[in-house]
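The values are calculated or read from the model by the stated rules, or taken from the named source; none is laboratory data. The structure displayed is predicted, hence computed values, not measured ones. Cβ coordinates were reconstructed from backbone atoms using ideal geometry, including for glycine residues, and neighbour counts include every protein chain displayed.
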Amino acid sequence: MAEEQTETRPLNDIMLAMDVVDTLRHQQLLVERELNTEDRDQRMMQRLREIYSAQGIDVPDHVLQQGVAALKEGRFMYEPPKGGIETQLAKLYVSRVKWGKPLLIALLALAVVWFAYAAFIKAPAERAAAALPDRLNAQYVRLIEQAQGPLATERAKLLLDKGEAALNKGDQDTARNVLQQMDTLQADIEQEYELRIVARPGEQSGVWRVPDANIDARNYYIIVEAVTADGKVLEMPIYNEEDGQIYRVNKWGLRVDQALFERIAADKGDDGIIQKNRFGVKRRGFLTPEYLMPTTGRSITSW
């Protein structure tokens, strides 16, 4: 028992000294006032005796002396750690309750966005890119099966070569553009219509021009339109020989010789109706119409 009392007494003294320091810190005005006097230690001890006596605590003088000395030396006082990466990390860890949940939500949202991108954008794009060679070949086969003339066959082969060259270079955008051109070519091949001479009241059936190269000559044109079997007038891409541009129009002039021009004019002149108004026919499988009347095939789009 004597040994236990000997061992515990220093601990009790230390605890009391720490309490003394804490009391002094809470009595900061007292400390500052007493430190400005010559007998400040004695005054502080006297003040501490009064404080502890009022609380019913008997603190030995040597403990009070230890507390005063500890206050001067800065013992039993907490000093915040200096700034640094370790301190910042520690503060970040301690405050994890504040930022942890929002961060987790943000990470989950990012994961959802990434999954959606991978599943609905990236993966389909990769599958479409991998299927480009097969799509090009399949479309070319369909074109060749439907093509009836050398022009359609030749154009289909040119598009296939262009698409394959683009794929060899890794240029998928050009390859997709070639596929669109193939679709347009197929639509042109499948198209069927008649070229009819325009003969409606108030509309011209033919016009003539004086060419810039020879003011003594005339170029004659018959105005035609493309009409489907159900009577629909089509809008067609027509090359204008006068300015070298292509225009989409629903009627245009085809150049003919003077004799045909005058014969059609006479046909219309007797009763206002052109009896033989079929100028040509575009059959399925071909790209260009078969002309039933002589023409150079050159065109104008305005008059």
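Does A217 count as surrounded by fewer than 14 Cβ atoms within 10 Å (Cβ to Cβ), within 26 Å of I274 (Cβ to Cβ) and in the same structural domain as I273 (by TED's automatic domain parsing)? Explain how you work it out, then say what you get.
Working: surrounded by fewer than 14 Cβ atoms within 10 Å (Cβ to Cβ): yes; within 26 Å of I274 (Cβ to Cβ): yes; in the same structural domain as I273 (by TED's automatic domain parsing): yes.
Yes; evaluated as a whole, the condition is true for this residue.
Looking only at the range 47-59, decide whether some residue is basic (K, R) and modelled with pLDDT of 65 or more.
Applying the first criterion (basic (K, R)) to the range 47-59 yields 47, 49.
Next, from what is left, pick out any that are modelled with pLDDT of 65 or more: 47, 49.
So far as the range 47-59 goes, yes, one or more of its residues are basic (K, R) and modelled with pLDDT of 65 or more.
Give the residues of the range 273-288 that are outside any loop (DSSP other than H, G, I, E, B) and within 49 Å of the chain's Cα centre (by Cα), sorted by residue number. Steps first, answer last, please.
If we filter the range 273-288 for residues that are outside any loop (DSSP other than H, G, I, E, B), which is where we start, we get 278-282.
Answer for the range 273-288, where residues must be outside any loop (DSSP other than H, G, I, E, B) and within 49 Å of the chain's Cα centre (by Cα): G280, V281, K282.
Can you find a residue that is in contact with a Gly (Cβ under 8 Å, 6 or more places away or on another chain) and in the same structural domain as F286 (by TED's automatic domain parsing) anywhere in the range 171-184?
There is no residue in the range 171-184 that is in contact with a Gly (Cβ under 8 Å, 6 or more places away or on another chain) and in the same structural domain as F286 (by TED's automatic domain parsing).
Taking interchain pairs and intrachain pairs at least six residues apart, which have beta carbon atoms under 6 angstrom, with the first residue in the range 163-185 and more than 20 Å from A152 (Cα to Cα) and the second crowded, with 17+ Cβ neighbours inside 10 Å?
A166/A175; L167/A175; T174/A166
With respect to V207, is the statement that it is of a type in the set (A, V, I, L, M, F, W, C), part of a strand (DSSP E or B) and surrounded by 14 or more Cβ atoms within 10 Å (Cβ to Cβ) true? Don't jump to the end; show me each part of the working.
On the way: of a type in the set (A, V, I, L, M, F, W, C): yes; part of a strand (DSSP E or B): yes; surrounded by 14 or more Cβ atoms within 10 Å (Cβ to Cβ): yes.
Judged against the criteria, V207 is a match.
Within the range 251-272, how many residues are surrounded by fewer than 13 Cβ atoms within 10 Å (Cβ to Cβ) and either touching a residue at least 60 places away in the same chain (Cβ under 8 Å) or within 51 Å of the chain's Cα centre (by Cα) (or both)?
Count: 1.
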